[in-house]
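First the structure, in the form of structure tokens, and then the observations on it.
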Amino acid sequence: MVRRCSVVGCGGSVGLHSFPLDLEIRCQCLRATSVLENSQLPPGAVVCNQHFTRNSFANMMEFELGYSARLHLKREAVPTVALPRYRCSPPTLLIINLLIINVF
């Protein structure tokens, strides 16, 4: 099975990067890619190079000169390029549940 970029509408299969383990950066990445919460992220979800700026990569110069076969993201890199134009909103059921909890 070929892994593909998890960003809606992309589907790229080259230069894939896993979501970061750092919770703060991971949340920023989830919001940027319009994933509402971590539980919606399928196992093995990845984001391709197309969604990061040149400054997001720690070894861009080495890669361009041919000294590195793969680009490596900086620890704090968050996708900011070619992302979905809409943002996900919470499911209605979740809002109703929150209202019920707050009322009672």
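We did not get these values from a lab; they are worked out from the coordinates using the rules stated. Note that the structure is a prediction, hence the values are computed from the model and not measured. Cβ coordinates were reconstructed from backbone atoms using ideal geometry, including for glycine residues, and neighbour counts include every protein chain displayed.
Observations on the structure shown:
- Charge sum, other residues only, whose C-beta stays under 14 Å from Pro20's C-beta, Lys/Arg counted +1 and Asp/Glu -1: +1
- Euclidean distance between Cα centres, segment 59-79 to segment 1-45, Å: 18
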